[in-house]
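Everything below concerns the one structure shown next.
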Amino acid sequence: MLLEIQHFYIYFIVCTSRNTYEVACDEFNDLFRRIVYLSKLFIHGASTAPLSQSPVTFTLESGAVPSLYLIAMKCRDPATRRDAISLLEQTNCQEGMWEGQLIARFVTEIADLEEETIGITPLRSTEIPESSRFDSIVMATDIPGHGRGIATDDGKKVSTIKCTNL
């Protein structure tokens, strides 16, 4: 299960590395749903303690967090995207540089901003046009616990997202 989750991350990057259109990510919606499902099994099966009570652990090896981050950033199917974000919020393990709860706050802001630009709560990924999708997002931190994201869509529009209490 974990190998499939980890393999997805590399597979997706390789498959989309030359494509400049974010709507091309919609072709992966079925795979996104599968990885979210496997990640849910992995995250909930990895701990016997309730998630809210167990302490945050650290591991050098990555698990499900990088794949869930990628899905939260690239999947425009609202239900799948929000499921991935929810799992990031429930993750009590920092996997190398990947801290799920921190990343969840960041990608929630990105998802909200993308969906806000179309003026409706989307029901399907096809309701989010290419012009509302970000293709490059960088997170910068100046003060511990605070950050800002700089997002661009097709190199034209730049948006700054402030994330506090990270």
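The values are calculated or read from the model by the stated rules, or taken from the named source; none is laboratory data. Bear in mind that the values here come from a model prediction, so they are computed numbers and not experimental data. Counting neighbours? That spans all protein chains shown, and the Cβs are built from the backbone with ideal geometry, glycine included.
What number of residues in segment 12-23 are part of a helix (DSSP H, G or I) and surrounded by fewer than 14 Cβ atoms within 10 Å (Cβ to Cβ)?
Of the residues in segment 12-23, 2 are part of a helix (DSSP H, G or I) and surrounded by fewer than 14 Cβ atoms within 10 Å (Cβ to Cβ).
Yes/no matrix, rows are residues, columns are (1) of a type in the set (Gly, Ala, Ser); (2) on the phi < 0 side of the Ramachandran plot; (3) modelled with pLDDT of 85 or more:
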| position | (1), (2), (3) |
| --- | --- |
| ARG33 | no, yes, yes |
| GLY63 | yes, yes, yes |
| GLU89 | no, yes, yes |
| TRP98 | no, yes, no |
| THR141 | no, yes, no |
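Hey, any hits in segment 1-11 for a residue that's touching a helix residue (DSSP H, G or I) at 6+ places or on another chain (Cβ under 8 Å) and closer than 11 Å to LYS74 by Cα?
Taking every residue of segment 1-11 in turn, none turns out to be touching a helix residue (DSSP H, G or I) at 6+ places or on another chain (Cβ under 8 Å) and closer than 11 Å to LYS74 by Cα.
Would it be correct to say that SER39 is surrounded by 15 or more Cβ atoms within 10 Å (Cβ to Cβ), of a type outside the set (Asp, Glu), modelled with pLDDT of 90 or more and within 11 Å of the chain's Cα centre (by Cα)?
When the stated conditions are applied, SER39 does not pass them.
Among the candidates ASP83, ASP26, single out the residue that is in contact with a helix residue (DSSP H, G or I) (Cβ under 6 Å, 6 or more places away or on another chain), modelled with pLDDT of 95 or more, part of a helix (DSSP H, G or I) and surrounded by 15 or more Cβ atoms within 10 Å (Cβ to Cβ).
ASP83
To keep it simple, each residue is scored yes or no on (1) hydroxyl-bearing (Ser, Thr, Tyr); (2) modelled with pLDDT under 90; (3) out of contact with any Lys or Arg (no Cβ under 6 Å at 6 or more places or on another chain); (4) farther than 27 Å from ARG124 by Cβ.
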site	(1), (2), (3), (4)
ILE10	no, no, yes, yes
CYS15	no, no, yes, no
ASN19	no, yes, yes, no
ALA46	no, yes, yes, yes
PHE58	no, yes, yes, yes
LEU102	no, yes, yes, yes
